Amino acid sequence: MNESPKAIKLLRENSERISWEWLSCNPTAINLLRENPEKIIWYNLSQNPNIFVNLDNCARTIQSAYRKSKKYAEWAYHPDRLISQGFFEL
């Protein structure tokens, strides 16, 4: 894990090569993680000391990711959708 700001710049330029598992632990990667909350490995993020630097922003990021996943789940598992897709019959 490289904590150099230059390494973060390289990762931004080569995002397809990012190991999100390791990046989630990287204290200098907070902004990159904030921009990609859907790719965060949450257990590893909990090991990142910089998540506590600005708790308000971190909490907003987590809440936003949760709301997005909750909305998706509500849509994906809505009874009308499941019936229309043939998962259930009335």
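The values are calculated or read from the model by the stated rules, or taken from the named source; none is laboratory data. Bear in mind that the values here come from a model prediction, so they are computed numbers and not experimental data. Reconstructed Cβ throughout: ideal geometry from the backbone, glycine too, with neighbour counts over all protein chains shown.
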Output for Cβ contacts, cut-off 6 Å, separation at least six or different chains, first residue in contact (Cβ under 8 Å) with a residue 24 or more places away in the chain in segment 19-33, second loosely packed, with under 13 Cβ neighbours inside 10 Å, reads Cys25/Gln47; Asn26/Met1; Pro27/Pro49; Thr28/Glu3
Of the residues in segment 29-56, those that are at pLDDT 85 or above and exposed (fewer than 10 other Cβ atoms within 10 Å of the Cβ) come to Glu38
Selection from segment 16-28 of residues surrounded by 14 or more Cβ atoms within 10 Å (Cβ to Cβ) and either in contact with a Pro (Cβ under 9 Å, 6 or more places away or on another chain) or in a helix (DSSP H, G or I) (or both) yields Trp20, Leu23, Thr28
Just one listed residue, out of Ala65, Ala59, Ala73, is in a helix (DSSP H, G or I), loosely packed, with under 11 Cβ neighbours inside 10 Å and small (Gly, Ala, Ser), and it is Ala73
